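Report on one structure; see the data block that follows.
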2 protein chains.
Amino acid sequence: MKLASLKNDGRDGRLIVVSRDQAHAVPAEGVAINLLDALQRWDEVAPALRELSERLNCGVVPKAFAFDARHCAAPLPRSPQWLDGSAYLNHGKLMERAFNTPPIPGFDTVPVMYQGASDDFLGPHDDVPLPDEALGIDFEGEFGVVCGPVPMGVSPEDALNCIRLVVQINDWSLRTLGPHEMKTGFGFLQAKPSTSFAPVAVTLDELGTAWRDGRVHMPLKVQWNGERFGEPHGGEMNFHFGQLIAHAARTRRLSAGTIIGSGTVSNVSREAGSACIAERRVIEKIDQGEIRTGFMKFNDHVRMQAMFDDGSAGPFGVIDQRVVKP
Amino acid sequence: MKLASLKNDGRDGRLIVVSRDQAHAVPAEGVAINLLDALQRWDEVAPALRELSERLNCGVVPKAFAFDARHCAAPLPRSPQWLDGSAYLNHGKLMERAFNTPPIPGFDTVPVMYQGASDDFLGPHDDVPLPDEALGIDFEGEFGVVCGPVPMGVSPEDALNCIRLVVQINDWSLRTLGPHEMKTGFGFLQAKPSTSFAPVAVTLDELGTAWRDGRVHMPLKVQWNGERFGEPHGGEMNFHFGQLIAHAARTRRLSAGTIIGSGTVSNVSREAGSACIAERRVIEKIDQGEIRTGFMKFNDHVRMQAMFDDGSAGPFGVIDQRVVKP
């Protein structure tokens, strides 16, 4: 099933069930007050949500209305926790060259992951206020999973069973701030402003065979100011989501609603293009000897949409945002 | 006023107002369902909470009951955000020597801060389950502030006006995991299991003159297995809390309920002792040529209590916890 959150006066949005074709939606009222509530009582509420979804897909729900992603917040407008991996090693290796940071020990055997802010996510069409163009404004296209409760010390295999939903993410980055924050050893903070999400969170069955081996096997189509930027394929992920969850849960349990990100989708093949500007820049430097592409300016916009391998639109909907002066 | 949260079936606890002498408490029912709710509607609910507090202190509240911190969760059992600084530079310098990490650029002019997990805090008397004694189990005594909403780009001075409450914290650390996570540049994750809080969160007026210059001017008395470990003084903080909040809010707004920590309280004077084991160990190495103190073992316990300068008990109550095998 497909779930989304309409903006309302509250901080957690209003849960709706979206039809398979994303044409219609219906409030989940009476089942769960918001998506976080549903995730905290998943075993209890999932059957009722699924029934609502099936009736909606059959066109027999009286309160159905036309679905408009422009009224959506992030599926979880805030979540108990947001942890972002760097599971596409090609991206990590390029970033080391881009920012001249030392190689990360054990990079290809132990996932790296940072704890991000989860108190204030942006919706798919929200403007993105950032303080200064000079900070190296960059997008980062990713996939992510939303977990149920995860026990401390879970195995990567069991962790896969903790996944409730899959989401599509734009992990905004400020590139001039990142290298200093990496050097402190304390990790990203100012370099990672509020993260954005595509409108629709989906259960694994909505992905069909595109969900396998704990990975999302879909290209992520990225356009910057209307021009093609890349469509790297999610299947090239070096650690699967079960491994990322197990890494996060090694020394503590994770509460329901925890979101784990893949890190920027990135492919070895140059033909795929990129899902972030920093990667294109370092490729320009390597392949052409000089950086030609700048970072984003105010009023620039970025569009991201996962596609199925057959070229049809993916289930998450579209992120389409504009960077603005606050 | 003094606020605390009783454990209940929910994830956010049940807000109570505690008397000045910490002998009695009264439910805040009808005012706010939990502390996060109160923080999100502070201007609206603070007067009613303050009135309840005044009536409780006069002994004229019918529903008052004996306050027992053993039934308390953390004041915020989970919060939208937990950011921990390292504002006692003496601690930072000692940690560089302890873990042989490179000097942090700009360490004395720009605060360092990591984003911690805020989904699952521990109460003051909760057992602390950790997977393995070999991970270098350490406590870290700190002070922290709980914020109202903070706008992006706030000045350090204006940030001080965003402080709603002050708290006392034990920021548990796993010392064998920290150095690797620092080297990745992605910051602490497995090295920082669930953080613990003293039972009582207090408004600034409860601190009297112990709150000045944006700092908590109180010694933090730490005992490990009943023996004196240190009582470093909070006033030696090199960055004040307004500076820490402004640092966190440079590129994004912070939502109400965000907690900002001071980092481990640490004094230049050796007489003060320490608020974490790693610091004592490196001091032993420096002063005596060898490390004599090990890290915590299962069933060890640690007690932390802030005191007023006159030697009387501070307003936060006591953290007294035992490390256990999960």
Residue count for segment A:249-265, restricted to those that are of a type in the set (G, A, S), at negative phi and within 11 Å of another protein chain (Cβ to nearest Cβ): 3
Residue in segment A:1-18 that is nearest to the other protein chains (Cβ to nearest Cβ), counting only those that are assigned to a loop (DSSP other than H, G, I, E, B) and crowded, with 20+ Cβ neighbours inside 10 Å: A:G13
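Pick out the one residue from A:V268, A:V318, A:V282 that is of a type in the set (A, V, I, L, M, F, W, C) and either more than 21 Å from the chain's Cα centre (by Cα) or within 14 Å of chain B (Cβ to nearest Cβ) (or both).
Working: A:V268 fails: either more than 21 Å from the chain's Cα centre (by Cα) or within 14 Å of chain B (Cβ to nearest Cβ) (or both); A:V318 fails: either more than 21 Å from the chain's Cα centre (by Cα) or within 14 Å of chain B (Cβ to nearest Cβ) (or both).
So the residue among A:V268, A:V318, A:V282 that is of a type in the set (A, V, I, L, M, F, W, C) and either more than 21 Å from the chain's Cα centre (by Cα) or within 14 Å of chain B (Cβ to nearest Cβ) (or both) is A:V282.
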Qualifying position, being among the basic types (K, R), under 14 Å from A:V145 (Cβ atoms) and either free of Cβ contacts under 8 Å to residues at least 60 places away in the same chain or buried (at least 18 other Cβ atoms within 10 Å of the Cβ) (or both), among A:R215, A:R253, A:R228: A:R215
Yes/no for B:A275 being farther than 16 Å from B:V216 by Cα and touching a residue at least 60 places away in the same chain (Cβ under 8 Å): no
Number of positions in segment A:187-203 that are of a type in the set (G, A, S) and at the interface with chain B (Cβ under 10 Å from one of its Cβ atoms): 3
Options B:T209, B:T184; residue that is within 12 Å of chain A (Cβ to nearest Cβ) and among the polar types (S, T, N, Q): B:T184
Residue count for segment B:157-185, restricted to those that are touching a Ser or Thr at 6+ places or on another chain (Cβ under 8 Å), at pLDDT 95 or above and assigned to a loop (DSSP other than H, G, I, E, B): 3
Residue among B:D37, B:D84, B:D12, B:D43 that alone is on the phi < 0 side of the Ramachandran plot, acidic (D, E) and touching a strand residue (DSSP E or B) at 6+ places or on another chain (Cβ under 7 Å): B:D84
Of residues in segment A:159-177 being touching a residue at least 40 places away in the same chain (Cβ under 8 Å) and open to solvent by 10 Å² or more (accessible area, probe 1.4 Å), the one farthest from the other protein chains (Cβ to nearest Cβ): A:L160
Top-ranked residue in segment A:235-248 [being touching a residue at least 24 places away in the same chain (Cβ under 8 Å) and surrounded by fewer than 24 Cβ atoms within 10 Å (Cβ to Cβ); ranked as nearest to the other protein chains (Cβ to nearest Cβ)]: A:H247
Qualifying residue in segment A:52-61 (condition: open to solvent by 40 Å² or more (accessible area, probe 1.4 Å) and touching a Lys or Arg at 6+ places or on another chain (Cβ under 6 Å)): yes
Odd one out for A:F188 among (1) over 24 Å from A:V128 (Cβ atoms); (2) open to solvent by 10 Å² or more (accessible area, probe 1.4 Å); (3) among the aromatic types (F, W, Y): (1)
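Residues checked against (1) at pLDDT 95 or above; (2) within 24 Å of the chain's Cα centre (by Cα):
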residue	(1), (2)
B:K7	yes, yes
B:G13	yes, yes
B:A25	yes, yes
B:E29	no, no
B:N34	yes, yes
B:A38	yes, yes
B:R50	yes, yes
B:R55	yes, no
B:A64	yes, no
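Can B:T203 be described as within 17 Å of A:Q115 (Cα to Cα) and open to solvent by less than 40 Å² (accessible area, probe 1.4 Å)?
Details: within 17 Å of A:Q115 (Cα to Cα): no; open to solvent by less than 40 Å² (accessible area, probe 1.4 Å): yes.
No, not satisfied.
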Wholly within segment B:221-314, strands (runs of 3 or more DSSP E) carrying at least 3 residues that are within 30 Å of A:D120 (Cα to Cα): B:259-261
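The values are calculated or read from the model by the stated rules, or taken from the named source; none is laboratory data. Owing to the predicted nature of the structure, the values given are computational and were not obtained by experimental measurement. Quick reminder, even Gly has a Cβ in these numbers, built from the backbone with ideal geometry, and neighbours come from all protein chains shown. When the accessible area is computed, the model is the full protein with side chains, heavy atoms only, and any ligands, DNA or RNA have been set aside. Shrake-Rupley method; radii C 1.70, N 1.55, O 1.52, S 1.80 Å.
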